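Please treat every number below as a calculation from the coordinates, not as lab data. Quantities reported herein were computed from a predicted structural model and do not represent experimental measurements. Positions of Cβ are generated from backbone atoms using ideal geometry, with glycine treated the same way; all protein chains shown enter the neighbour counts.
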């Protein structure tokens, strides 16, 4: 477990930044990707909203590169 909820939040935010950077490298931006307060003590990343067009494009990219 994490020592404080703020530690878990910091870890979630760092994970969200890492994912956003990786997605940006392949041409994707999730507008509301962010770390958020942990649920049951586990760091969380909120993936946020994405247009249907971009969701299809991301899904196709994942299928092509998976």
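Return the total of residues in region 1-34 being in a loop (DSSP other than H, G, I, E, B) and surrounded by 14 or more Cβ atoms within 10 Å (Cβ to Cβ).
Residues that pass the stated criteria total 4.
Hey, among the residues in region 37-51 that are within 10 Å of residue 8 (Cβ to Cβ) and touching a residue at least 24 places away in the same chain (Cβ under 8 Å), which one's farthest from the chain's Cα centre (by Cα)?
Selected residue: 41.
State which residue is surrounded by the fewest Cβ atoms within 10 Å (Cβ to Cβ) when the search covers only region 35-66 and only residues that are under 18 Å from residue 2 (Cβ atoms) and in contact with a strand residue (DSSP E or B) (Cβ under 8 Å, 6 or more places away or on another chain).
Filtering region 35-66 for residues that are under 18 Å from residue 2 (Cβ atoms) and in contact with a strand residue (DSSP E or B) (Cβ under 8 Å, 6 or more places away or on another chain), the one surrounded by the fewest Cβ atoms within 10 Å (Cβ to Cβ) comes out as 37.
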